[in-house]
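One structure below.
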Amino acid sequence: MTDDIKLGNFQFCPLCSAKLVVRPESLRERLTCPNCGYIYYHNPVPAAGGVILRDGRVCLVRRSIEPRKGDWTLPAGFVEYDESAEQCAVREVAEETGLSIEIAGVHGVYAGFDDPRQRVVLVLYRARETETRIPIAGDDADDVGFFAADQLPPNIAFRAHRQALRELFAHERVTL
Ligand SMILES: [Zn+2]
């Protein structure tokens, strides 16, 4: 991991626009503002999504935007400031698949280190559909479908999603 990735690559204080400097803070080096004292904590971004099964087949969406455009993932996205991870999962599933879900439990929590935009903490929930709807791709997805363990697309984006699918289909020995 390079220093840029650990510290963030911002140059100027977002509060007062002074040039940020690297200083020891809370047992590691961080970008801090010598003028107003602002400290930039370079944390991963929380994301959440849903694991939805129909007859043993899992719901996946195809990405219509970069990064990894054209690859498939579980429906998921970044948590907005004013919502919980559960609310985010319900919203992202609705936006990307048109499906209505309720949270049934936690499938798993994953570290996303291969998203070029930022480091991610991904919470994937087991989800139940609250009504039967025809899935319709939307937002940053351009296709949606339900896939059996032996019919998963070969191009699953992001290690966290591949790991989640391997765990979901642990008894079927999927290789992703
Ligand atoms: Zn400042």
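The values are calculated or read from the model by the stated rules, or taken from the named source; none is laboratory data. Because the structure is predicted, anything quoted here is derived from the model rather than measured. Note that each Cβ is placed from the backbone with ideal geometry, even for glycine, and that neighbours are counted across all protein chains shown. Surface areas here come from the heavy atoms of the whole protein model, side chains and all, with no ligands, DNA or RNA. Shrake-Rupley method; radii C 1.70, N 1.55, O 1.52, S 1.80 Å.
Quick check: from the Cα gyration tensor, does the stretch 100-176 come out rounded (a/c under 1.5), prolate or oblate?
On the way: a/c = 1.32, a/b = 1.20, b/c = 1.10.
It is rounded, given that a/c, with a ≥ b ≥ c, falls under 1.5.
Mean sequence separation of contacting Cα pairs (under 8 Å, at least six apart), scaled by the length of the stretch 45-172, corresponds to a relative contact order of 33 percent.
Using all pairs of distinct alpha-carbon atoms, the Kirkwood hydrodynamic radius of the stretch 134-176 works out to 11.5 angstrom. Sites listed here are GluC sites (Glu not before Pro) in the stretch 35-124 whose DSSP assignment is loop and whose Cβ has at most 15 other Cβ atoms within 10 Å: GLU80, GLU83. Using a simple spin-label model with pseudo-atoms 7 Å out from Cα toward Cβ, PHE78 and TYR41 lie 1.8 nm apart. For the chain, adding -39500 (n - 2.57) for each run of n ≥ 4 DSSP H residues and dividing by the number of residues yields -4500 deg cm²/dmol at 222 nm. Among the trypsin sites (Lys or Arg not before Pro) in the stretch 1-79, those located in a DSSP loop and surrounded by at most 14 other Cβ atoms within 10 Å of their own Cβ are LYS69. Note on the chain: GNM, Cα springs under 10 Å; of GLN151, GLN118, GLN11, the largest mean-square fluctuation is that of GLN11.
For the stretch 45-172, what does the alpha-carbon gyration tensor say about shape, rounded, prolate or oblate, given a ≥ b ≥ c as the root eigenvalues, a/c under 1.5 as rounded, and a/b over b/c as prolate?
Working: a/c = 1.22, a/b = 1.07, b/c = 1.14.
Rounded.
Among the chymotrypsin sites (Phe, Trp or Tyr not before Pro) in the stretch 1-91, those placed in a DSSP loop whose Cβ has at most 15 other Cβ atoms within 10 Å are PHE10, TYR38, TYR41, TYR81. Using a probe of 1.4 angstrom and keeping all protein chains present, the accessible surface of the chain works out to 57 square angstrom per residue.
Quick one: pull the percent of accessible area on the chain belonging to carbon and sulfur, 1.4 Å probe, ligands and nucleic acids left out. Mind dumping the intermediate values first?
Details: 5030 of 10090 Å².
Accessible surface attributable to carbon and sulfur in the chain totals 50 percent.
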